[in-house]
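Working notes, beginning with the structure itself.
The values are calculated or read from the model by the stated rules, or taken from the named source; none is laboratory data. If you're wondering where the values come from, they're calculated on a predicted model, not measured in any experiment. Don't worry about glycine lacking a Cβ; one is built from the backbone with ideal geometry, like all the others, and counts go over all protein chains shown.
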Amino acid sequence: MIFTGFKRKSVQLFFNKHLTEFPGNSRENNDGKVKNVLVFMDDISLKSTILTDLKTILNIPENDIEILLFQKKIKKNQEDENLFSPKDFGWYGKIKSEKLSNILTNKYDLLINYSKVENIYSNLLILQSKTALNVGFSHLDKRFYDLIIRCDKSDIALFNNELKKYLAILKKI
């Protein structure tokens with residue numbers, strides 16, 4: 001367990017190296033409507049609420065919304081396929097998990113980060129994802145997002161209302 005600190009530092013070095021390339025990093029160009037969504041979150045209790053809200057706001061089917069949940073440690077009785085943890089990452093930010101690699105090869109029209117706390121592993125996935133529009137809370141790192149919504153991180157309803165308003169203005173819904 002002494003190597004977890006070294007591993008985290010190597011992930012941080014990989015992240016810092018590729019962060020400088022991020023603005024030109026394979027951002028997808030999509031001028032049409034939102035058809036598929038990638039969601040990052042760290043609170044498993046909000047998963048069903050956010051899923052139903054996004055289905056109504058974006059008017060897309062549930063199978064076009066991909067939710068990834070970050071947890072520091074995954075318990076053995078948790079069998080959710082969309083959970084990821086630091087164990088899914090190797091040295092220098094290499095993704096060991098096949099499910100995460102498959103998700104990152106897909107193209108998404110919208111990425112939404114509902115995370116309450118800044119997280120190097122979620123940021124690493126955001127850095128490598130192929131998305132057209134990134135949305136997040138104002139307390140998160142602003143370099144990753146095209147649209148930043150300023151509200152309390154526990155007020156998901158207000159965030160979703162503002163998201164709907166701005167996506168309508170941008171003619172994405």
Apart from one, (1) part of a helix (DSSP H, G or I); (2) basic (Lys, Arg); (3) touching a strand residue (DSSP E or B) at 6+ places or on another chain (Cβ under 6 Å) all hold for Lys164; the odd one out is (3)
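Inside the stretch 25-142, counting only strands (runs of 3 or more DSSP E) that do not spill past its ends, which hold 1 or more residues that are free of Cβ contacts under 8 Å to residues at least 40 places away in the same chain?
Values: elements: 37-41, 65-70, 107-113, 130-137.
Here the list reads 65-70, 130-137.
What residue, among those in the stretch 64-101 that are among the small types (Gly, Ala, Ser) and touching a helix residue (DSSP H, G or I) at 6+ places or on another chain (Cβ under 6 Å), is farthest from Met41 (Cα to Cα)? Spell out the reasoning first.
First pass over the stretch 64-101, keeping only residues among the small types (Gly, Ala, Ser): 85, 90, 93, 97, 101.
Narrowing the set further to residues that are touching a helix residue (DSSP H, G or I) at 6+ places or on another chain (Cβ under 6 Å) leaves 93, 97.
Details: Gly93: 20, Ser97: 18 Å.
Within the stretch 64-101, the match that is farthest from Met41 (Cα to Cα) is Gly93.
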Is it the case that some residue within the stretch 146-156 is within 17 Å of Thr49 (Cα to Cα) and in contact (Cβ under 8 Å) with a residue 60 or more places away in the chain?
yes
Just checking, which of Leu167, Leu147 is hydrophobic (A, V, I, L, M, F, W, C), modelled with pLDDT of 90 or more and farther than 22 Å from Phe70 by Cβ?
Leu167
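Table: residues versus (1) at pLDDT 90 or above; (2) surrounded by fewer than 17 Cβ atoms within 10 Å (Cβ to Cβ); (3) in contact with a strand residue (DSSP E or B) (Cβ under 7 Å, 6 or more places away or on another chain).
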site: Glu81; (1), (2), (3): no, yes, no
site: Ser97; (1), (2), (3): no, yes, yes
site: Leu110; (1), (2), (3): yes, no, yes
site: Tyr114; (1), (2), (3): yes, no, yes
